[in-house]
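The values are calculated or read from the model by the stated rules, or taken from the named source; none is laboratory data. For clarity, every value in this text was computed on a predicted model and none was experimentally measured. When we count neighbours, we look across all protein chains shown, and the Cβ atoms used for this are built from the backbone with ideal geometry, even at glycine. When the accessible area is computed, the model is the full protein with side chains, heavy atoms only, and any ligands, DNA or RNA have been set aside. Shrake-Rupley method; radii C 1.70, N 1.55, O 1.52, S 1.80 Å.
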Amino acid sequence: QFTVVGIIIANFIANVVEYELMSQDPGVLSFFDDLDVAFTILFTIELAANIICHSKEFPLPFLYNGWHILDTVVVMVSLVTVGDLLGDQGSGIKVIRILRAF
């Protein structure tokens, strides 16, 4: 549990630093893109582990829990963003990831 909280805080800090830098340097942009991919992978693994742990109550009771719904939505948005399915519009969706901190 503390590990997940640490990852959430690290992701939040990385997003704040990326926003504050607003760098146009391709190396910096590539670094933050790679960091986004890494965090998305970690959050996807965490969601999969959560689903497996609640597999006896999946799908309905799992989806009745608001935190599970939020977790699922944030991971899905992160996967879409990382998949670059939204092109340049994906940067606005990063704000939704901050909800994980709450």
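Filter segment 25-48 down to residues that are open to solvent by less than 50 Å² (accessible area, probe 1.4 Å), hydrophobic (A, V, I, L, M, F, W, C) and out of contact with any helix residue (DSSP H, G or I) (no Cβ under 7 Å at 6 or more places or on another chain), then give me how many there are.
Selection size over segment 25-48: 2.
Taking segment 49-86, which residues are at pLDDT below 85, among the small types (Gly, Ala, Ser) and open to solvent by less than 60 Å² (accessible area, probe 1.4 Å)?
Once the filter is applied, which keeps residues that are at pLDDT below 85, among the small types (Gly, Ala, Ser) and open to solvent by less than 60 Å² (accessible area, probe 1.4 Å), segment 49-86 yields Ser78, Gly83.
One line per residue, one yes/no per condition, for (1) among the basic types (Lys, Arg); (2) part of a helix (DSSP H, G or I); (3) closer than 13 Å to Ile8 by Cα:
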| position | (1), (2), (3) |
| --- | --- |
| Ile41 | no, yes, yes |
| Thr44 | no, yes, yes |
| Ile51 | no, yes, no |
| Lys56 | yes, yes, no |
| Phe62 | no, yes, no |
| His68 | no, yes, no |
| Thr72 | no, yes, no |
| Val75 | no, yes, yes |
| Val80 | no, yes, no |
